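The values are calculated or read from the model by the stated rules, or taken from the named source; none is laboratory data. For clarity, every value in this text was computed on a predicted model and none was experimentally measured. Please note: Cβ atoms are built from the backbone with ideal geometry, for glycine as well, and neighbour counts cover all protein chains shown. The protein model used for the area step is the full one, side chains on, heavy atoms only, and it has no ligands, DNA or RNA in it. Shrake-Rupley method; radii C 1.70, N 1.55, O 1.52, S 1.80 Å.
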Amino acid sequence: VRDAIGFSLGITSIFIWIGAQLPQFISNYRNKSAEALSIFFLLEWFSGDTLNLLGCLVQGEQLPTTTILAMYFVLSDVFMLLQY
(Lines give C-alpha, C1' and ligand atoms only; values in the text may rest on other atoms or scores of the structure.)
Protein backbone atom coordinates (compact mmCIF):
# COMPACT_ATOMS: atom_id res chain seq x y z
CA VAL A 1 0.00 0.00 0.00
CA ARG A 2 2.81 2.40 0.90
CA ASP A 3 4.53 1.84 -2.47
CA ALA A 4 1.23 2.33 -4.33
CA ILE A 5 0.62 5.63 -2.53
CA GLY A 6 4.19 6.76 -3.23
CA PHE A 7 3.86 5.78 -6.89
CA SER A 8 0.52 7.62 -7.21
CA LEU A 9 1.98 10.76 -5.67
CA GLY A 10 4.96 10.50 -8.03
CA ILE A 11 2.75 10.21 -11.11
CA THR A 12 0.69 13.17 -9.90
CA SER A 13 3.90 15.16 -9.44
CA ILE A 14 5.00 14.35 -12.99
CA PHE A 15 1.73 15.67 -14.45
CA ILE A 16 1.82 18.80 -12.29
CA TRP A 17 5.39 19.57 -13.45
CA ILE A 18 4.45 18.98 -17.08
CA GLY A 19 1.55 21.38 -16.64
CA ALA A 20 3.71 23.94 -14.83
CA GLN A 21 6.35 24.17 -17.56
CA LEU A 22 4.09 23.87 -20.59
CA PRO A 23 3.03 27.57 -20.63
CA GLN A 24 6.70 28.63 -20.81
CA PHE A 25 7.37 26.30 -23.74
CA ILE A 26 4.29 27.61 -25.56
CA SER A 27 5.23 31.23 -24.88
CA ASN A 28 8.77 30.68 -26.14
CA TYR A 29 7.45 28.95 -29.26
CA ARG A 30 4.92 31.68 -30.04
CA ASN A 31 7.45 34.47 -29.46
CA LYS A 32 10.19 32.53 -31.27
CA SER A 33 12.42 33.51 -28.36
CA ALA A 34 13.36 32.58 -24.82
CA GLU A 35 15.01 35.95 -24.38
CA ALA A 36 13.24 36.64 -21.09
CA LEU A 37 15.13 33.75 -19.48
CA SER A 38 18.75 34.14 -18.44
CA ILE A 39 21.08 31.60 -20.07
CA PHE A 40 22.92 31.38 -16.74
CA PHE A 41 19.65 30.52 -14.99
CA LEU A 42 18.92 27.83 -17.57
CA LEU A 43 22.42 26.35 -17.30
CA GLU A 44 22.23 26.26 -13.49
CA TRP A 45 18.78 24.69 -13.68
CA PHE A 46 20.08 22.08 -16.16
CA SER A 47 23.11 21.35 -13.96
CA GLY A 48 20.97 20.88 -10.86
CA ASP A 49 18.50 18.61 -12.63
CA THR A 50 21.31 16.56 -14.19
CA LEU A 51 22.92 16.05 -10.79
CA ASN A 52 19.53 15.08 -9.36
CA LEU A 53 19.12 12.46 -12.10
CA LEU A 54 22.63 11.13 -11.52
CA GLY A 55 21.87 10.89 -7.81
CA CYS A 56 18.74 8.84 -8.54
CA LEU A 57 20.65 6.52 -10.85
CA VAL A 58 23.61 6.07 -8.48
CA GLN A 59 21.44 5.55 -5.40
CA GLY A 60 19.28 3.05 -7.27
CA GLU A 61 16.62 2.54 -4.60
CA GLN A 62 14.24 5.28 -5.72
CA LEU A 63 10.66 4.75 -6.72
CA PRO A 64 10.46 4.59 -10.54
CA THR A 65 8.51 7.85 -10.58
CA THR A 66 11.39 9.68 -8.89
CA THR A 67 13.78 8.68 -11.67
CA ILE A 68 11.17 9.33 -14.38
CA LEU A 69 10.56 12.82 -13.01
CA ALA A 70 14.32 13.48 -12.86
CA MET A 71 14.60 12.35 -16.51
CA TYR A 72 11.71 14.62 -17.47
CA PHE A 73 13.40 17.58 -15.77
CA VAL A 74 16.62 17.05 -17.73
CA LEU A 75 14.70 16.59 -20.99
CA SER A 76 12.63 19.73 -20.41
CA ASP A 77 15.81 21.65 -19.58
CA VAL A 78 17.33 20.52 -22.87
CA PHE A 79 14.23 21.69 -24.77
CA MET A 80 14.29 25.02 -22.94
CA LEU A 81 17.97 25.46 -23.79
CA LEU A 82 17.26 24.58 -27.43
CA GLN A 83 14.56 27.26 -27.52
CA TYR A 84 17.05 29.81 -26.22
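Do we have any residue at all in region 52-64 that's within 13 Å of the chain's Cα centre (by Cα) and in a helix (DSSP H, G or I)?
The answer is yes; a qualifying residue exists.
Would a scan of region 36-48 turn up a residue that is under 22 Å from Gln83 (Cα atoms), among the β-branched types (Val, Ile, Thr) and over 11 Å from the mean Cα position of the chain (by Cα)?
Step one: filter region 36-48 for residues under 22 Å from Gln83 (Cα atoms), giving 36-48.
Subsequent filtering for residues that are among the β-branched types (Val, Ile, Thr) retains 39.
The next check asks that each one be over 11 Å from the mean Cα position of the chain (by Cα); those that pass are 39.
So far as region 36-48 goes, yes, one or more of its residues are under 22 Å from Gln83 (Cα atoms), among the β-branched types (Val, Ile, Thr) and over 11 Å from the mean Cα position of the chain (by Cα).
State yes or no: is Gln21 on the phi < 0 side of the Ramachandran plot and either modelled with pLDDT of 85 or more or open to solvent by 50 Å² or more (accessible area, probe 1.4 Å) (or both)?
no
Scan (1) open to solvent by 60 Å² or more (accessible area, probe 1.4 Å); (2) of a type outside the set (Lys, Arg); (3) touching a Ser or Thr at 6+ places or on another chain (Cβ under 8 Å) for the single condition Cys56 breaks and write down its number.
Among (1) open to solvent by 60 Å² or more (accessible area, probe 1.4 Å); (2) of a type outside the set (Lys, Arg); (3) touching a Ser or Thr at 6+ places or on another chain (Cβ under 8 Å), Cys56 violates only (1).
Just one of (1) open to solvent by 70 Å² or more (accessible area, probe 1.4 Å); (2) assigned to a helix (DSSP H, G or I); (3) at pLDDT below 85 trips up Leu43, so point out which.
(3)
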